[in-house]
Amino acid sequence: MTHRIAVIPGDGIGPEVMAEATRVLSRVGGLDLEPLPWSADHYLATGVTLPADGYDTLRSFDAILIGALGDPRVPDNRHARDILLGTRFELDLYVNYRPVRLLDDRLGPLKNRTRRDIDFVVFRENTEGVYVGIGGRFKPGTPDEVSVQEEINTYKGVHRIQRHAFEFARANGRRKVCMADKSNAMMHGHALWQRVFAELKAEFTDIEASHMYIDALAMFLVQNHAQFEVIVTNNLFGDIITDIGGALQGGLGMAASGNLHPGRTSMFEPVHGSAPPLAGKNVANPIGAILSAAMMLDTLGLPDAAGDVERAVEAAVQAGETTRDVGGTLGTKEAGDAILRRLG
């Protein structure tokens, strides 16, 4: 069976890291990689962020692999909003899946912490919260300006992301799920998170379910991250704490992510930015993109291929054959070569 994959290289360093990810995928085989031109360059040349049938086009693929988006030539980043956020909402990719795993002790930023201590997963609700864009500004640019940004929580949205976290824990031998909210201060929307968590806690009695306020959880991610196995939280909080997670695993260049709707077309992306000043210099770390590709393989039902890629990455990291941001001396392409050599 051949899987059709849409590849959107993106902006800045995106095309460079995507080139290495697609080289790895070409070695795996059984994939039809189809590049799509949507980017800042495309928008500036055509005035089109993505075509009118763009989301339907994406739905026709088995998966989407996307690089970083963002370009100072598009100050409002409308192309990134339409391509990335638009795809999350239009394809209803309600699960943002962020594994946090340290591949080598020397990359850990905290003293006396090893690979054994840093291995957890964050599930961030991806289609609700404050990122839905509901709100507005009154009298902008004046001393009387009023701005309103509303947070949206629905039973459906909260229930399905929390259920996904519990089901993932059960299916993957993880025994702890921690839900993070701010229900002591945001007592309306986050009361719903509390209600749903109580329902699921009663259903999944084999899972140790705990709750933390998000500020406390952020502290414990630094002080005692070994206590966490699966974390589930809302869109904004998840965005923040997964950057802490990225730092714990050696930097955002190491971090992979998936935007999922189980059973449907899903989208995979490294979580670092487009870093325009670094573009074209062969210095960007391709590991986040390659691990995102491995996550995609696993989601497509190719766990053996995904495992091969993950082991090749881990071996290259432990050998120090990496880019400079994680202690190596290699360029982007050469770091990709080091991983490809280990794939055989």
For residue 138, the net charge from surrounding residues (Cβ-Cβ under 11 Å; K, R +1; D, E -1) works out to 0
Give me D for region 98-232 in µm² s⁻¹, whole number, from Stokes-Einstein with Rh from the Kirkwood sum over alpha-carbon pairs, 25 °C and 0.890 mPa s.
147
Quick one: accessible area per residue over region 66-183, 1.4 Å probe, rounded to a whole number of Å²?
49
Among the lysines, which fall within straight-line cross-link reach of residue 333, defined as a Cα-Cα distance under 26 Å, with same-chain neighbours fewer than 8 residues apart omitted?
281
Summing +1 for each Lys or Arg and -1 for each Asp or Glu, what net charge is found among the other residues whose Cβ lies under 13 Å from the Cβ of residue 291?
-3
For region 261-344, build the convex hull from the C-alpha positions and give me its volume per residue in Å³.
97
Is the shape of region 235-289 rounded, prolate or oblate, going by the alpha carbon gyration tensor and its root eigenvalues a ≥ b ≥ c, with a/c under 1.5 for rounded and a/b larger than b/c for prolate?
oblate
Would you mind working out the magnitude of the charge dipole of the chain relative to its Cα centre, with +1 at each Lys and Arg C-beta and -1 at each Asp and Glu C-beta, to the nearest 20 Debye?
580
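Which sequence of 42, 3 reflects their accessible areas, 1.4 Å probe, from the largest down?
Details: 42 45, 3 15 Å².
So the residues, ranked largest to smallest area, are 42, 3.
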Highest-MSF residue in the chain out of 176, 139, 333 [GNM, Cα springs under 10 Å]
139
How much of the calculated P(r) for the chain lies past 32 Å, in percent of all Cα pairs?
31
Most to least accessible of 145, 208, 125 (protein chains only, probe 1.4 Å)
208, 145, 125
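Between residue 208 and residue 1, 0.36 nm times their residue separation minus their Cα-Cα distance comes to what? Please report the intermediate quantities before stating the final value.
Details: separation 207, 0.36 × 207 = 74.52 nm, distance 3.92 nm.
Length difference between fully extended and current span is 70.6 nm.
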GNM result for the chain, Cα springs below 10 Å: residue of 332, 299, 142 fluctuating most strongly
142
Cut-off 14 Å between beta-carbons: net charge of the residues surrounding residue 53, Lys and Arg +1, Asp and Glu -1:
-2
HN-Hα J in Hz across region 133-140 - Karplus 6.51, -1.76, 1.60, θ = phi - 60°, x for Gly and Pro
x, 8, x, x, 10, 10, 6, x
Determine the percent antiparallel among the DSSP beta bridges restricted to the chain, to the nearest 5.
40
Can you tell which of 89, 204, 123 shows the greatest fluctuation in a Gaussian network model of the chain with Cα springs below 10 Å?
204
Explain nothing, just compute: Karplus ³J(HN,Hα) = 6.51 cos²θ - 1.76 cosθ + 1.60, θ = phi - 60°, for every residue of region 45-57 in order, whole Hz, x for Gly and Pro.
7, 10, x, 10, 6, 8, x, 4, 9, x, 5, 5, 4
Let me test this: with uniform point scatterers at the alpha carbons of region 1-112, what is the Debye-based log₁₀ I(q)/I(0) at q = 0.11, 0.17, 0.19, 0.22 1/Å?
-0.44, -0.92, -1.07, -1.27
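The values are calculated or read from the model by the stated rules, or taken from the named source; none is laboratory data. Note that this is a predicted model, so its numbers are computed, not measured. So basically every Cβ, Gly included, is an ideal-geometry build from the backbone, and we count neighbours across all protein chains shown. These accessible areas exclude ligands, DNA and RNA; they are computed on the full protein's heavy atoms, side chains included. Shrake-Rupley method; radii C 1.70, N 1.55, O 1.52, S 1.80 Å.
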